[in-house]
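Everything on this sheet refers to the single structure shown next.
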Amino acid sequence: MMYDKVHAFREKMGLPIGTQPQLLSPEQTSYFARFIMEELSEYLRGVEEGSLVDASDALVDLVYVTLGMAHAMGLPFYRLFNIVHAANMEKEPANDFIRSLRGQQYDVVKPLGWIPPEPAIHQALIDAGAKL
């Protein structure tokens, strides 16, 4: 649903929407990367200033910009999201600092036998017309 709304916005504004999966040019990538960093900085500033409103706005903008980038790349986003989500659902809670790779009790870890999503992502991109 969010992805469709961002699509409607990009159409209305005449912004690029890819027709098949592809990497963006270095210039386009730089634009989106700077935009994402700007929104992340706004989120951090909102937190530092104790503003739930500003932090929330920045977090939603961060997702909005990222979804816009996925549209520009022509990604089959729903399929890719479902692939990554399924792989994430196979992970386990770290439950302690020892198992965590990030030193956080509430981290998640890959169990033995965990299957990474990249092979399924590769196939989804090919199915969508990517030239890999």
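The values are calculated or read from the model by the stated rules, or taken from the named source; none is laboratory data. From a predicted model like this one, the values you see are computed outputs, not experimental measurements. Please note: Cβ atoms are built from the backbone with ideal geometry, for glycine as well, and neighbour counts cover all protein chains shown. These accessible areas exclude ligands, DNA and RNA; they are computed on the full protein's heavy atoms, side chains included. Shrake-Rupley method; radii C 1.70, N 1.55, O 1.52, S 1.80 Å.
Length gained on full extension, SER25 to ASN95, computed as 0.36 nm times the residue gap minus the Cα-Cα distance: 21.1 nm.
In the set (i) -0.65, -1.21, -1.22; (ii) -0.42, -1.11, -1.18; (iii) -0.58, -1.13, -1.19, the label that goes with log10 I(q)/I(0) by the Debye sum over Cα atoms at q = 0.12, 0.21, 0.22 Å⁻¹ computed for this structure is (i).
Fully extended, how many nm does the chain gain between MET13 and ASP107 (0.36 nm per residue separation, minus their Cα-Cα distance)? Let's see the in-between values first.
Details: separation 94, 0.36 × 94 = 33.84 nm, distance 3.91 nm.
Gain in length upon complete extension: 29.9 nm.
List the relative contact order of region 77-132 as a percent without decimals, with contacts defined as Cα pairs under 8 Å and 6+ residues apart. It rounds to 32 percent for region 77-132.
The calculated FRET efficiency for the pair GLU38 and MET2, based on their C-beta separation and a Förster distance of 25 Å, comes to about 0.80.
In whole percent, and with a 1.4 Å probe on the protein chains, what portion of the accessible area of region 20-95 is carbon and sulfur? Taking all protein chains in place, region 20-95 shows 63 percent carbon and sulfur surface.
Kindly rank 35-41, 68-74 from highest to lowest mean number of other beta carbons found within 10 Å of each residue.
Working: 35-41: 14.9, 68-74: 19.7.
By packing density, highest mean first, the sequence is 68-74, 35-41.
Working note: 222 nm ellipticity from helices only, DSSP H runs with n ≥ 4, each -39,500 (n - 2.57), summed and divided by the residues of the chain, gives -20000 deg cm²/dmol to the nearest 500. Seen from PRO117, the other residues with C-beta closer than 14 Å to its C-beta sum to a net charge of +1, counting Lys and Arg as +1 and Asp and Glu as -1. Between VAL108 and ALA94, the built amide H atoms are under 5 Å apart, and every one of these is 5 or more places off in sequence or on another chain. Sequentially through region 78-84, phi angles give Karplus couplings (6.51, -1.76, 1.60; θ = phi - 60°) of 4, 5, 5, 4, 5, 5, 5 Hz, Gly and Pro residues having no value and appearing as x.
With the highest mean first, a sort of the peptides 75-82, 3-10 on other beta-carbon atoms found within 10 angstrom per residue produces 75-82, 3-10.
Over the chain, accessible surface divided per residue gives 71 Å², non-protein components excluded, 1.4 Å probe.
Rounded to the nearest 0.05, what FRET efficiency is calculated for ARG45 and GLU118 with R0 set to 25 Å and r the Cβ-Cβ distance? Display every interim value, and only then the final one.
Numbers: r = 35 Å, r/R0 = 1.38.
Once the sixth-power term is evaluated, E becomes 0.15.
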